[in-house]
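Notes follow once the structure below has been shown.
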Amino acid sequence: MASQSPFFGKRDRDTDNFNSRPAPLVGGGTNLAGTPVTPSALTPTTPAATAPAAKEGGSKLTVGPNIKLKGVEITDCDTLVVEGLVEATMDSRVIQIAEQGEFKGSAEIDIAEIRGVFDGNLTVREKLVIHSTGKVTGKIRYGKIVIEEGGQLSGEITFSASESKKPALQAA
């Protein structure tokens, strides 16, 4: 004779418990502490509650760990976060390469934050930050640069004024 699970055969007894549950709050009620709750109390009305969502509003692509993305062109992406391997061409606003992340290819961006590996052509219009675990090799152009102790930079490295400053300098 097969043994029966302790959960079988208890359905009739538990049916009463399901029917005796309180109805969900629709127009108001009390919380677990017995305090009255109105629907307006459940909805955030302050602008501060919605501000973080507006701040992070841009388009963001995250390539997670152990993911390989090869042979693509990435455009119209505000932020690219690389935790895996990306072989691509991109024109974006921000790139963040995590310690385990690796980017191979060509990138034209405003701000680069490198904790992992970048290999290829990198044009950073504003600020390039290489953290202590970061390694950047290839043809690099930058507006401003910060390299933490331990960070590596090698290849053809060129300072270039940002795109917005070039016309002003040429006019003078």
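The values are calculated or read from the model by the stated rules, or taken from the named source; none is laboratory data. Keep in mind the model is a prediction, meaning the values are calculated, not measured. As a convention, Cβ positions derive from the backbone with ideal geometry for all residues, glycine included, and neighbour counts pool all protein chains shown.
Can you find a residue that is at pLDDT below 95 and surrounded by 19 or more Cβ atoms within 10 Å (Cβ to Cβ) anywhere in segment 91-107? The answer is yes; a qualifying residue exists. So is THR137 within 26 Å of ASN66 (Cβ to Cβ) and hydroxyl-bearing (Ser, Thr, Tyr) or not? Yes: the conditions hold for THR137.
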